[in-house]
Every structure is written in structure tokens, then in C-alpha cells.
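Only the coordinates and a few stated rules stand behind these numbers; no lab work does. Please read these numbers as outputs of a predicted model, since none were measured by experiment. With ideal geometry, Cβ positions are generated from the backbone for all residues, glycine too; neighbour counts draw on all protein chains shown.
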Amino acid sequence: MEANELNKSSLDGLNLNTEHSSGDTPAPSDNAEMQGDNIHASESTEHTHEKHQEEVAPVEDTDYASFSREQLTDAFKKLLRNHPISEIKEHVDVIREVFDEASKEIEDEQRRKFLESGEAEENFSPQPDMTQKEFSALLYEYRTKRDEERVTQEHEKEKNLQAKYEVIEAIKDLVNRQESLNDTFHEFRTLQQKWREIGPVPQSKLHDLWETFHLHVENFYNYIKINNELRDLDLKKNCEAKLALCEKAEELLLETSPVKAFKTLQKYHDQWREIGPVLREKKEELWERFKAATAKINQKQQEHFESLKNQLKKNLEAKTELCEKAEALIKDDIVSPRDWEDKSKQLIDLQQIWKTIGFAPKKENNQVYDRFRKACDEFFNKKRDYFKSYKEDQQNNFQLKTELCIQAEAMKESHDWKKTTDEFIRIQKKWKEIGPVPRKQSDAIWKRFREACDYFFDRKSQFFSYIDEEQASNLKLKEEIIEELKQLNMEEDSEKCFSTLQEFQRRWSEIGFVPIQDKERINQEFRNIINQKFDHLNLDEVNKNLQKFRNKLENWKATSQFNEKIGQERNKIMTKLKQLENDIVLWENNIGFFAKSKNSDALVRDFKHKIENGKRNIKLLNKKLDLIDEML
């Protein structure tokens with residue numbers, strides 16, 4: 001910008017001694033940190049693009065912080081195509097800063113995955129995607145056009161300087177004319193208009209140019225000694241023009257955008273300077289009115305930028321807190337894969353929160369980002385080293401489980417039902433004590449072990465299923481229990497009824513097998529009746545749920561697919577437990593973030609309620625696992 005350059009039409013109507021030629025205009029307050037430019041609008045903005053501004057809509061204020069990289073590229077492209085280069089600098093700076101930070105996050109995520117795969121960091125080489133290439137091309141185009149525009153503007157300013165000196169020479173020549181006063185003054189007006197139409201000049205020549213111009217204009221007025229009537233007419237016209245500017249400046253107080261009001265006020269100050277002197281009795285009144293409006297607009301702009309600085313400071317505090325939390329995760333003693341996954345999820349949550357926080361002050365923004373990225377990289381490096389060692393342990397576990405498979409396969413043809421059953425139970429417990437194996441081999445080794453166990457227990461079930469006489473007797477005993485259960489009168493004493501029903505379940509479990517064709521019918525009939533009885537009891541939902549689950553397991557126990565079904569049920573419960581534990585960690589983490597926020601009590605209560613329900617469900621699921629272990 002041409003800071004402090006006087007405007008093109010500052011002598012419109014100036015037919016007396018110039019009024020406030022240098023000190024008349026109250027310069028609005030300057031915010032060097034946030035604004036970077038002087039209050040006075042540049043002649044290049046006022047003149048070079050005057051016609052263009054009439055045809056092209058102004059650049060709208062836009063919050064680019066929430067844009068994706070693709071949206072930022074599209075916005076950059078539209079700015080280049082639809083607006084002059086000189087009008088889009090601030091927008092391009094913001095777009096580039098947001099785009100670079102988003103690209104950094106993508107590169108960091110690629111580096112993290114690269115390192116987790118076991119590769120050395122020095123081998124990592126980020127490859128720009130199509131969006132990055134397109135954005136770089138647009139940035140190159142912008143810089144090229146900006147440099148070309150600067151060269152053109154400097155050339156134009158030199159031409160304009162020469163043209164304005166020619167106008168000054170023509171004004172100097174007017175005092176030597178022998179024409180009539182009206183003709184001379186008309187030509188003077190024409191020269192004034194020509195002066196206003198000439199564009200900006202080099203900043204270094206501006207002061208001397210205006211001093212020379214004012215000098216010769218004063219000389220001209222002293223020479224022609226214009227009559228009082230014309231003088232009063234010009235003063236009145238100037239008074240009306242400055243009064244209109246006062247009203248326009250006061251209207252800016254209603255503008256919702258302090259930045260827009262501030263920029264518009266720059267133009268009004270240039271127009272004020274263009275207008276000539278006013279009636280002496282109106283001079284101070286108009287000036288004080290215009291100055292008062294200026295002061296209020298300056299105050300609003302100052303408050304606006306103070307608010308922005310405060311927000312940037314808050315963002316820095318929030319990001320610093322995230323850095324501290326990430327660094328605390330590194331210091332934790334993590335000893336199991338589940339802990340590593342939990343901590344990883346916590347760190348990923350911190351990364352997600354980081355993305356929702358806006359920029360920090362420019363001086364600290366890169367520093368706090370590098371600190372956070374360093375903590376994340378260090379965490380995932382430690383995780384990679386842990387799992388490298390953990391894989392070796394998994395391989396040892398695989399060898400141990402393979403040996404158990406060999407033992408199970410060697411016993412599966414045995415006819416010593418009691419001894420072999422005990423041995424199978426022993427190696428099944430041992431299997432549970434061995435840690436995890438490599439994921440690629442987990443399903444295959446488990447299937448091999450389960451098939452050997454199932455083969456033996458299926459043979460055992462088949463053998464005992466042929467004991468017809470005992471099974472017929474068992475069927476009769478179970479039918480008698482069902483009849484007793486139907487006749488059972490549920491008393492008011494819930495605890496007594498509960499014990500009675502448990503006794504029925506115990507008696508039922510102690511009875512052996514029934515004929516295969518009656519097994520499903522008799523078991524289902526018993527479960528339906530006893531579940532109905534339990535539903536009549538005034539028990540809490542946890543006990544009801546556990547009793548029904550026990551009944552379901554008892555029903556499976558009488559089938560040949562018992563081991564398969566109960567294994568699937570265990571896996572399902574373990575999956576639910578892991579999900580609930582992860583959810584509780586997330587909810588507790590969220591409470592920590594919201595606890596410091598105002599008006600967040602409702603959110604905190606909601607998360608606490610979720611945590612309590614989750615913990616109750618975890619207890620219930622653990623009790624179900626205990627029931628499964630009892631059945632094995």
C-alpha cells in the first residue's frame with residue numbers, strides 16, 4: 001500500500017488558502033501487529049483498480065480454518081480468477097497457512113504409519129498428492145502475477161509522477177495568462193480534475209510533489225484574487241461535502257464488521273483531504289464531529305483485534321495442555337497390548353481435539369505444533385519397540401499351544417472317559433493361561449485345538465447316549481420335576497422362592513442324559529417354565545439376567561455343540577467388555593475436558609451416567625464369564 005499518500009482529489013474546489021493541508025485529517029489508530037498497514041488507503045487501491053472495483057464484487061471475509069485442503073485449493077483458484085492480485089493478499093496468506101498445517105498433519109500421519117510398520121525414519125520420504133501439486137501450481141501463479149503487477153505499478157507510478165509535474169507546470173503558467181478571469185479559472189478547474197484523475201506516484205516523491213502542488217495552487221489564488229461571492233459558494237459546497245462525510249462516518253458505527261468499517265473509513269479520510277476549505281465558523285465543528293466518529297470506529301477495531309489476540313492466546317493454552325497430556329502418556333508404564341491400545345486411543349483422541357482448536361499466535365504456533373508432534377512421534381516409536389518384543393513372546397506362545405494340540409490329538413481316541421476328561425480339562429485351563437499368539441495363526445491354532453477337544457467329547461456324549469434305560473429313567477425324573485415346577489406356588493417371600501427355584505435347577509442339573517429325541521423338548525419346556533417363575537420374583541434385573549443366562553448355558557450343555565456355542569458366547573462377551581472399557585476411558589477423558597468449560601454441567605452429568613451404566617454392565621458381563629467357566 002502507499003501508506004500516508006495524499007488522495008487524488010484533495011484540492012477539489014480549493015480556491016482559497018488550503019485548509020488542514022497536512023494536519024486536518026485525524027488518522028485512525030494503527031494496529032501494527034494485526035493490521036500491518038497505515039490508516040490511509042493507497043492510491044493504487046483508489047485509482048489503479050477503481051474501474052475494476054465497479055465491475056468485480058469485493059472479496060468476502062471467509063473463515064478458512066474449517067476448510068479441507070481441497071476446499072482451500074478451490075477457494076484459492078476462485079480468488080485468482082475473480083479478483084485483482086492486490087486485493088487477495090490477506091486471504092492468500094491465511095489459506096496458505098491453513099493448507100500447510102493440514103498438509104503437515106497428513107505427513108505426520110504417514111510418517112507415524114511408516115514407523116509403525118518397522119521402517120527406519122530416515123527412509124521416510126513424503127510424496128505430494130494431487131491436491132498439494134495443484135495448490136503449489138496456484139501459489140506459483142499467484143507469485144508470478146503479484147511480481148508482474150508490482151513491476152507494472154511502479155512503471156505506472158513513474159508515468160503518473162511525470163504527468164502530475166506537467167499539471168503543476170501548467171498551473172504555474174496560468175499566472176502569466178492575459179485571458180479573462182473566468183477562462184483562467186475554468187482552465188484551473190480542468191487542471192485540478194486532471195490532477196485527480198492521475199493515479200498513484202512513487203512514495204519517496206510524494207511529499208515533495210504535494211508541497212510543490214500546494215505552493216503553486218496558493219500562488220494561483222493569490223494572483224487571481226477570486227471574488228468573495230465565488231469564494232463563499234465554494235466554501236458552502238465544501239461544507240456540504242464534509243458534512244456528508246461526517247454522516248457517512250457515523251453510519252459506519254452500525255457496521256457489524258469492524259475491519260470493513262475501518263477500511264471504509266480510510267477512504268473517507270482520503271475524500272476529506274480532497275475537499276477544500278469550509279466556512280471558518282463551521283471548520284472546527286465539522287472537524288470535531290468527523291474526528292469523534294473516527295475515534296469510535298478506531299476503538300471498535302482495536303477491541304476487535306484485542307478479541308482476536310485473546311482467542312489466539314486461549315488456543316495456545318489449550319494446545320499447550322494437549323502437549324502436556326501427550327507427554328504424560330509417554331511417561332506412563334505400559335506393560336500390555338491392551339494398555340498400549342488404550343493409551344493409543346487416548347492419544348488419537350488428543351489429536352482429534354487438536355484439530356478442532358484454531359491457530360495460536362503466529363510466533364508460538366509452529367513451536368507448540370512441533371512440541372505436540374514430537375510427543376506423538378515418541379509415543380508411537382515406543383509402541384513400535386514394545387510390539388517388536390511382544391511378537392517374539394507371541395511366537396513362543398504359539399509353540400506352547402501347538403504342543404497342547406499334539407497332546408489333545410493323542411488323547412482324542414481314548415476310552416478312559418473319566419481320566420481323559422480330567423486331562424482335557426487340565427490342558428484347556430493351561431491353554432487359557434498361555435498368552436496370545438500371532439494374529440495370522442490365532443484362528444488356525446484355536447480351531448485345531450477345539451476340533452481335538454470336540455472330537456473326544458462328542459465320542460463321549462455318543463457313548464453315553466446309548467444307555468437307553470438310564471436315559472429313559474432320567475426323562476421320567478425330569479418330567480416329574482417339570483410337573484412339580486408347574487404346581488409350585490410362588491410365595492410372597494422372594495428369597496425363599498429364589499432358593500426353591502435354584503434347588504430345582506440343581507436337581508435338574510444332577511439328572512443325567514435323556515433320550516436324544518426328547519432332549520431339546522424337555523430342556524426347552526423346563527427353561528420356559530423356570531424363566532417364567534423367575535420373572536414373577538421381585539428380583540433386580542442383574543439377577544434375572546444372570547439366571548436366564550445360566551438357563552441358556554444349561555440348555556446348551558445338553559447339546560453336542562456346547563463347546564462351540566460357549567466359545568462363541570465367550571468371544572462375544574469379551575468383545576463387549578473391551579468396547580465398554582474403551583468407552584468408559586473416552587467418557588472419563590471427555591469429562592476432564594468439559595469440566596473446565598462453563599455451562600457444561602449437563603454434559604458432565606450425562607457422561608457420568610454413561611460411565612455408571614457401563615461399569616454395571618462390565619460387572620454383569622464378568623459374572624457371565626464366571627458362569628461360563630463353571631460350565632467348562
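Full extension of the chain segment joining Asn222 with Lys440 gains 68.4 nm, where the gain is 0.36 nm per residue of separation less the Cα-Cα distance. Each Lys and Arg contributes +1 and each Asp and Glu -1, all at the Cβ; summed about the Cα centre of segment 227-336, the dipole is approximately 320 debye. Centroid-to-centroid, using Cα positions, segment 240-294 and segment 611-632 are 77 Å apart. Which FRET efficiency, nearest 0.05, do Arg196 and Glu119 yield, Cβ-Cβ r, R0 56 Å? Efficiency for this residue pair is about 0.25.
A straight chain from Glu324 to Asp385 at 0.36 nm per residue would run longer than the Cα-Cα distance by 19.7 nm. Taking GluC sites (Glu not before Pro) across segment 96-176, the ones in a DSSP loop with at most 13 further Cβ atoms lying within 10 angstrom of their Cβ are Glu119.
A simple rule links phi to the HN-Hα coupling: the Karplus curve 6.51 cos²θ - 1.76 cosθ + 1.60 with θ = phi - 60°, which for segment 119-124 gives 7, 7, 5, 5, 8, 6 Hz, with x for Gly and Pro.
Once you place label points 7 Å from the Cα toward the Cβ at Asp377 and Ile357, how far apart are they in nm? Placing both labels 7 Å along Cα→Cβ, they lie 2.0 nm apart. Note that segment 436-446 has calculated 3J(HN,Hα) couplings of x, 10, x, 4, 5, 9, 4, 5, 5, 5, 5 Hz, one per residue in order, obtained from phi through the Karplus relation 6.51 cos²θ - 1.76 cosθ + 1.60 (θ = phi - 60°); glycine and proline are x. Note on segment 126-158 and segment 179-224: Cα centroid distance 39 Å, given to the nearest whole angstrom.
Backbone N atoms of segment 498-537 closer than 11 Å to the 7 Å Cα→Cβ label point of Asn489 are not found in any residue.
Find how many whole Å separate the alpha carbon centroid of segment 429-468 from the alpha carbon centroid of segment 577-591. Using only Cα atoms, the two centres lie 34 Å from each other. So if we plug the beta-carbon distance of Glu392 and Ser414 into 1/(1 + (r/R0)^6) with R0 = 45 Å, what FRET efficiency do we get, rounded to 0.05? That gives a FRET efficiency of 0.80.
Which listed residue (Val175, His207, Asn160) has the Cα farthest towards the positive end of the charge dipole for segment 153-291, taking +1 on Lys and Arg C-beta and -1 on Asp and Glu C-beta about the Cα centre? The Cα lying farthest towards the positive end belongs to His207.
With 20 Å as the limit, write out which pairs from Lys343/Lys430; Lys236/Lys263; Lys89/Lys263; Lys313/Lys345; Lys572/Lys608 have Cα-Cα distances beyond it, or answer none. Flagged as over cut-off: Lys343/Lys430; Lys236/Lys263; Lys313/Lys345; Lys572/Lys608.
The stretch between Asp61 and Arg146 holds 28.5 nm of extra length on full extension. This uses 0.36 nm per residue minus the Cα-Cα distance. A simple spin-label model places the labels of Lys557 and His155 9.7 nm from each other, with each point 7 Å out along Cα-to-Cβ.
When Rg and Dmax are taken over the Cα atoms of segment 227-336, they come to 25.8, 99 Å. If you model segment 297-456 as an ellipsoid using its alpha carbon gyration tensor, with each semi-axis the square root of five times an eigenvalue, the axes come out at 59, 14, 10 Å, biggest first.
Applying 1/(1 + (r/R0)^6) with R0 = 45 Å to the Cβ-Cβ distance of Leu603 and Ser136, what FRET efficiency is obtained, to the nearest 0.05? Working from the Cβ atoms, E equals 0.60.
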